[in-house]
Structure formats: structure tokens, C-alpha cells
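Below is one structure, written out as C-alpha cells, with a few remarks after it.
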Amino acid sequence: MPHWLQLMIESLGPLLWAALIFTAPLTLLSFVLGLALGLAVALIRLFAAWPFTAIARFYVWIIRGTPLLVQLFLIFYGLPSVGIVLDAFPAALIGFTLNIGAYSSEIIRAVIASVPKGQWEAAYSIGMNWPQAMRRTILPQAARVAVPPLSNTFISLVKDTSLAAAITVPEMFQAAQRIVAATYEPLILYIEAALIYLALSSILSSLQVRLESRLNRYGGFLEARA
């Protein structure tokens, strides 16, 4: 068996284990929390009073205008200088959540704003109040439009979690770095890590296509009934 193939087989287990224990939880938690934050920010920007919209706009401007790696460094290495010390995983979780929250808020804000005003009027005409109209009428319609861009954001997040290695989170890419330090085979190990990320992204892209197809069929069914 060629040396490179044997090395890839031997290192596959540790890389997949790191992906299961650290990369996957970091991705899922960051996305769920970031999505909740993004929804809150989007609603503030659309419906809240001026001081709150200004704060929300400032948050989005800061996060979108600075690199994710710099944000992670500020949280993990910068905050201890003012007495706030975080472990690597919580620091990465906060950084990714804030990043996803800013980007997803713009997506959610756009899709909510794209829902025709007639839908609000229809909801109010049958006795719904604002929260009921938002929950039962506006958000379900907006969600179908938001799935493709939010799915792309999730797939990008899977790859972006490799940046957590820079703040010592033992996720998959850092596991590859540790094996490289022991074997002095950077090309083989980094190719293997890239292939794993590629496989994960491909699987998620396939699931995204299937989800979009089902949502389109559901949307067509509702339009036919209407």
C-alpha cells in the first residue's frame, strides 16, 4: 500500500472524530443561535423605534465590515485584557453566532420586506393581531424564500469553522494540523481535510436541493388551492 494512502486511512478516524465532536456541534449551535439572533435583529430593523434600529444597523455594519478571523481573535485573545476570559469553544461559538446573526438578519429582513402588504391586510381582516399575523402568515411565506440563501450560509459556516483552529478549538482542521506536526506530511493531510470538507459541503448542497424542491411543490400546492 502506498505510504500516502496508508497515512490517509490512519488519519481518517481522528479527523472524522474531531468533526463529530467539535466541528458539527459548533456549526449547528452557531447556526441555530445565529438564526435566532438574525430574526430578532431583522424584526428590530423593520419594526422597532429609531434608537433600536440604529443599534441593530451598527451591529450589522461592524460584523459585516470586519473579517471573521479578526472577530474570533478579539473575543478569544482580546477580551482577557479587560478581564473577560473565555474557553476556546465558547469563544468560537460567540464569534460564529454574532457573524451568522448579522448576515442572516439581512436575508431575513429582505424576505420579510418582500411579502406583499396585502398579506398583512388579509391577516388583519380575519382578526389577527400583529404577532399572529407575523407567526401565521408572514414568516411562513418568508421562510420559503429564505431557505436557499440561509442554506448557503449554513454550508459556508461548515467550512468557516476551520478558522476556529486559530483559537485552539480542537476541531477537524486543528486535528489535521496536529497530525501534520507528528508526520511532517502537510500536503497529504491538508488534501484529506479538504476532501472531507468537500464531501460535507456536497452532502449539504444535495439536501438543500431536495428541501428547495419540496418547498416549491408545497408552494405550488398552496397557490393552486388559492
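Ranking of TYR59, TYR190, TYR184 by neighbouring Cβ atoms within 10 Å, starting from the fewest: TYR184, TYR190, TYR59. Between the beta carbons of THR168 and MET128, assuming R0 = 30 Å, the FRET efficiency works out to 0.05 to the nearest 0.05. Multiplying the residue separation of ASN216 and ALA113 by 0.36 nm and subtracting their alpha-carbon distance yields 35.1 nm.
Once the Cβ-Cβ distance of LEU79 and LEU20 is raised to the sixth power relative to R0 = 35 Å, the FRET efficiency obtained is 0.75.
Taking each DSSP H run with n ≥ 4 as -39500 (n - 2.57) and averaging over every residue of the chain yields -26500 deg cm²/dmol at 222 nm.
Fully extended, how many nm does the chain gain between LEU86 and SER205 (0.36 nm per residue separation, minus their Cα-Cα distance)?
39.5 nm
Remark: THR97, THR27 ranked as THR97, THR27, counting other beta-carbon atoms within 10 Å and listing the fewest first. Net charge in the neighbourhood of ILE179 (other residues with Cβ under 11 Å of its Cβ; Lys, Arg +1, Asp, Glu -1) is -2. What is region 73-226 by shape, rounded, prolate or oblate, if you read a ≥ b ≥ c off the alpha carbon gyration tensor as root eigenvalues and call it rounded for a/c under 1.5, prolate for a/b larger than b/c, and oblate otherwise? Here region 73-226 falls in the oblate category.
Extension gain for the segment ARG178 to GLU106, taken as residue separation times 0.36 nm less the Cα-Cα distance, is 22.2 nm to one decimal.
FYI, it's all coordinate maths here, none of it is from the lab. Computed from a predicted model, the values in this text were never measured in an experiment. Glycine also receives a Cβ, built like all others from the backbone with ideal geometry; neighbour counts cover every protein chain displayed.
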